[in-house]
Amino acid sequence: MLIGMDISPAGPWIGPWLVVAVVLGVVVLAGVGVLLFFLLKGDDEPTTTATSTTTSAAAATTTESAPPETTSMPSMSIPGGATATGSMDPNPGGGSTDGGQFSGSGDVAFAWVEAMGQGNFQDAFDLTCGELQQAATDASNGSDPAEILAGYFYSETLGGQGFTTGTFDSVSPAGDQDQAIFTLTLEDGSEFTLLVYVNSDLTVCNFL
């Protein structure tokens, strides 16, 4: 009886404590839910950044620089109006083929122009650097590369004319080449200043 009397008064207090416990549980769960929401939302942003970075890197990888242009020469022949009958003055006003940084470069340039003027195209070809020889060979399509080189000289450099006479004016260093200057008298009577560039191996590698 005494035990029963001790238990019965405590009974009414159990209900309120249960209500408090349930409310606290709900509040805690709500707080955890809010916290997880913001944490998961924050995790989404680095993922987007990583994706953008990966896309940019892939785009940069697929972009390739254009290959450099190679030396080329059109397949051509000597223009119909041009005649290879020019003669060169070996002593233009007391001028000298010396003066370049490479001994003999002026003589090579003079011989090259003279060969072109006389129609000795193979001789001019032999005095030409390997790069231009290869360009002429590639453009020849089975014809004579020396003729292609001469055709380019008369068509592109002299504008489709031959020259009747020419003088050697000077030679001087120009970077890693020697520059020889000629004054040519074209078939129409006009004068043309020709620049011929000679490499250190004493080959002509440019003319304009």
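The values are calculated or read from the model by the stated rules, or taken from the named source; none is laboratory data. Computed from a predicted structure; not experimentally measured. Cβ coordinates were reconstructed from backbone atoms using ideal geometry, including for glycine residues, and neighbour counts include every protein chain displayed. Only protein heavy atoms, including side chains, enter the accessible area calculation; ligands, DNA and RNA are left aside. Shrake-Rupley method; radii C 1.70, N 1.55, O 1.52, S 1.80 Å.
Descriptive notes on the structure:
- Of residues in the stretch 182-199 being closer than 10 Å to residue 166 by Cβ and crowded, with 20+ Cβ neighbours inside 10 Å, the one modelled with the highest pLDDT: 194
To keep it simple, each residue is scored yes or no on (1) at pLDDT 95 or above; (2) within 16 Å of residue 207 (Cβ to Cβ); (3) small (Gly, Ala, Ser); (4) open to solvent by 30 Å² or more (accessible area, probe 1.4 Å).
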position	(1), (2), (3), (4)
136	no, yes, yes, no
140	no, no, yes, no
143	no, no, yes, yes
151	no, yes, yes, no
158	no, yes, no, no
162	no, yes, yes, no
170	no, yes, yes, yes
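- Contact map, the stretch 175-200: residues that are over 20 Å from residue 132 (Cα atoms) paired with residues that are among the acidic types (Asp, Glu) and modelled with pLDDT of 95 or more, Cβ distance under 8 Å, separation 6+ or inter-chain. Pairs shown: 183/191; 184/191; 185/191.
- Residues (buried (at least 20 other Cβ atoms within 10 Å of the Cβ) and small (Gly, Ala, Ser)) located in the stretch 172-181: 180
- Scanning the stretch 131-185 for residues that are within 26 Å of residue 100 (Cα to Cα), part of a helix (DSSP H, G or I) and touching a Ser or Thr at 6+ places or on another chain (Cβ under 7 Å) gives 131, 149.
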